[in-house]
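Q: Would you mind keeping the following structure in view while I ask a few things?
Quick note: the coordinates plus some simple rules give every number you see, no bench work behind them. Everything quoted here is computed from the prediction, not taken from an experiment. Cβ placement follows ideal geometry from the backbone for every residue including glycine, while neighbour counts extend to all protein chains displayed.
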Amino acid sequence: MPPDPLRGFILRALLWLPLCFAAWYGLAAIHAGVIGSLSRGAIDLFRPGLVTGLEQAGRELVFVTRILVHPAPGQSALVLPEVNPLLYTYGLAFFAALMLAARAKLWQLAVGVLLLLPFQVWGVVFDFLLQVGIRPGPEITVQAGLSAWQREAVALGYQLGNLVFPTVVPILLWGGFNRDFIAGLRRRA
């Protein structure tokens, strides 16, 4: 009886998964810098001048805003939302494990990594917007300048970026790169 290609693929994927997650976590600070820069640019397109700087503390991104709060009489402070990009980039490790298990070419893996970037940026941007436009009190949300419908759009965008994109997009990309493998499995069934 010939070997089952699905069983072999699943075994290879399970073996690649811990290695890919270790590499993803080890390189997370570098990846966070890239994601942070792209996210700041996206925020500037949406709301110019809202973010005045970006700092990185290890794997965490800290957005410096022009939003002022007054914690006590006579005191002012800037709002500095922190975003953990690991919440939005773990699909990269999952995608890499699937591609390596499918014995993909290096260029396919590289193109897939680039195609994942906009979805990762989406998650970071909407996390930031949630922190300045929905979660805080009215003193901050007014300065963020988001209308009621924009706050609803931010809530939806956050859910997509947090729950859907990190898990679904890597699988769809893998499927797009491996249509022949999937078709072969369907023929065997």
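Q: Which is the longest part of the chain that has none of the trypsin sites (Lys or Arg not before Pro) sitting in a DSSP loop with at most 14 other Cβ atoms within 10 Å?
A: Answer - 106-189.
Q: Additional query: Put a dot 7 Å past each Cα toward the Cβ at VAL168 and ARG187; how far apart are the dots in nm?
A: In this crude spin-label approximation the distance works out to 3.1 nm.
Q: Here is a follow-up. Could you list which residues have their amide H under 5 Å from that of ARG66, counting only those 5 or more apart in sequence or on another chain, with H placed in the peptide plane?
A: THR52
Q: Additional query: Which whole-Hz couplings ³J(HN,Hα) result when phi for each residue of the stretch 133-149 is put into the Karplus expression 6.51 cos²θ - 1.76 cosθ + 1.60, θ = phi - 60°, listed in order with x for Gly and Pro?
A: Here the 3J(HN,Hα) series is x, 10, 5, x, x, x, 4, 8, 4, 5, 5, 5, x, 9, 6, 4, 5 Hz.
Q: How large is the helix-only mean residue ellipticity at 222 nm for the chain, computed as the sum of -39500 (n - 2.57) over DSSP H runs with n ≥ 4, divided by its residue count, in deg cm²/dmol to the nearest 500?
A: Calculated at 222 nm, the ellipticity per residue is -21500 deg cm²/dmol.
Q: Let me ask another. With a cut-off of 8 Å between alpha carbons and a minimum separation of six or more residues, what is the relative contact order of the stretch 88-189 in percent?
A: 40 percent
Q: Can I ask one more? Output the Cα-based Rg and Dmax of the chain in Å, rounding Rg to one decimal and Dmax to a whole number.
A: According to the Cα coordinates of the chain, Rg and Dmax are 20.2, 80 Å.
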